[in-house]
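Colleague: Sharing a structure, written as structure tokens. Questions coming.
The values are calculated or read from the model by the stated rules, or taken from the named source; none is laboratory data. What you are looking at is a predicted structure, and each value in this text was computed from that prediction instead of being measured. Counting neighbours? That spans all protein chains shown, and the Cβs are built from the backbone with ideal geometry, glycine included.
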Amino acid sequence: MLHLDVMDGHFVPNITFGPCVIGNIRPCTDQVFDTHLMIESPRKYIRDFVDGGSDHITVHTESHDGIEDIKRTLEMIRDAGAKTGASINPATPWKPMAGIMEDLDLVLVMTVVPGFGGQGFMHEVVPKIREIRGYIDEHGYATEISVDGGISPETAPMVVEAGADILVAGSAIFKGDPGNNLKLLREACMR
């Protein structure tokens, strides 16, 4: 799948692109578009992103005012026809998410502070991944765990062992030879 980082310059201090760019690249591939909204007020834009071609919409818990607020957003995402995701920053506790875990197709655990690529992996987040995996398995949820930030051939085996299903890699793929870098990352995950 393609992980598409959308940033608004408010929720995070960087700006990327919006739904029209996604709509323009949608005809170029049949890959799943996993759209990660690092934006304030994501409910305003859900329909636009789904209409543009996003298959998954992931929103940040930190851009919401509690569990009931994020539940409304997840319902809007599902009603628009996309799969639901919720993301948590490295410093955000995961346990409040227990109240929405059964409503999620994906939980995205950030292992860097969101907003800029190329940051170093925060090893202290690995136990959070392990705890979330335990909770999902204990309750029999189908929720997948995605990990984003600092993923490389060195860090990938750690997060896979902790319970990650999906690894988001940017710099590890695109710095240098993307084909070879992807091969190295895949091999590291098989160890």
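Colleague: Of Val12, Val6, which residue is outside any strand (DSSP E or B) and aliphatic (A, V, I, L, M)?
Modeller: It is Val12.
Colleague: Of everything in segment 161-178, what is modelled with pLDDT of 95 or more and of a type in the set (Gly, Ala, Ser)? Give them in sequence order.
Modeller: Ala162, Gly163, Ala164
Colleague: If I filter segment 98-145 down to residues being small (Gly, Ala, Ser) and in contact (Cβ under 8 Å) with a residue 40 or more places away in the chain, which single residue comes out as farthest from Val12 (Cα to Cα)? Explain how you work it out, then say what you get.
Modeller: Initially, segment 98-145 is screened for residues small (Gly, Ala, Ser), giving 98-99, 115, 117-118, 120, 134, 140, 142.
Applying the additional criterion that residues be in contact (Cβ under 8 Å) with a residue 40 or more places away in the chain yields 115, 117-118.
Values: Gly115: 5, Gly117: 12, Gly118: 15 Å.
The residue in question is Gly118.
Colleague: Search segment 57-90 for residues being among the small types (Gly, Ala, Ser) and surrounded by 15 or more Cβ atoms within 10 Å (Cβ to Cβ), and hand back the single one that is nearest to Pro42 (Cα to Cα).
Modeller: That would be Ser63.
Colleague: Please verify whether segment 42-49 includes one or more residues that are surrounded by fewer than 22 Cβ atoms within 10 Å (Cβ to Cβ) and either in contact with a Pro (Cβ under 6 Å, 6 or more places away or on another chain) or within 21 Å of Gly117 (Cβ to Cβ) (or both).
Modeller: Looking through segment 42-49, at least one residue is surrounded by fewer than 22 Cβ atoms within 10 Å (Cβ to Cβ) and either in contact with a Pro (Cβ under 6 Å, 6 or more places away or on another chain) or within 21 Å of Gly117 (Cβ to Cβ) (or both).
Colleague: Could you identify the single residue in Phe49, Phe17, Phe11 that is touching a His at 6+ places or on another chain (Cβ under 8 Å) and not aliphatic (A, V, I, L, M)?
Modeller: Checking each option against the conditions leaves just Phe11.
Colleague: Can you find, within segment 167-177, the residue that is farthest from the chain's Cα centre (by Cα) among those that are crowded, with 18+ Cβ neighbours inside 10 Å and not in a helix (DSSP H, G or I)?
Modeller: Ala169
Colleague: Then there's this: For segment 105-129, which residues satisfy the criterion of being more than 25 Å from Glu40 (Cβ to Cβ), in contact with a Gly (Cβ under 6 Å, 6 or more places away or on another chain) and not in a loop (DSSP other than H, G, I, E, B)?
Modeller: Ile129
Colleague: Follow-up. Which of the numbered conditions does Lys183 fail, given that it passes all the others? Conditions: (1) touching a helix residue (DSSP H, G or I) at 6+ places or on another chain (Cβ under 9 Å); (2) assigned to a helix (DSSP H, G or I); (3) of a type in the set (D, E, K, R).
Modeller: (1)
Colleague: Search segment 1-29 for residues that are more than 18 Å from Ile46 (Cβ to Cβ) and pair each with any residue that is hydroxyl-bearing (Ser, Thr, Tyr) when their beta-carbon atoms are under 8 Å apart and the residues are at least 6 apart or on different chains.
Modeller: Every condition considered, the pairs that remain are Leu2/Thr29.
Colleague: Give segment 153-191 a look and list any residue that's under 16 Å from His3 (Cα atoms) and not aliphatic (A, V, I, L, M), or say none.
Modeller: Listed by number, the residues that qualify are Asp165, Gly170, Ser171, Phe174, Pro178.
Colleague: Going residue by residue through segment 94-109, is there one that turns out to be of a type in the set (Lys, Arg), buried (at least 17 other Cβ atoms within 10 Å of the Cβ) and over 18 Å from Met38 (Cβ atoms)?
Modeller: No, every residue in segment 94-109 fails to be of a type in the set (Lys, Arg), buried (at least 17 other Cβ atoms within 10 Å of the Cβ) and over 18 Å from Met38 (Cβ atoms).
Colleague: Tell me yes or no: at least one residue of segment 15-32 is within 20 Å of Ala164 (Cβ to Cβ), modelled with pLDDT of 95 or more and not small (Gly, Ala, Ser).
Modeller: yes
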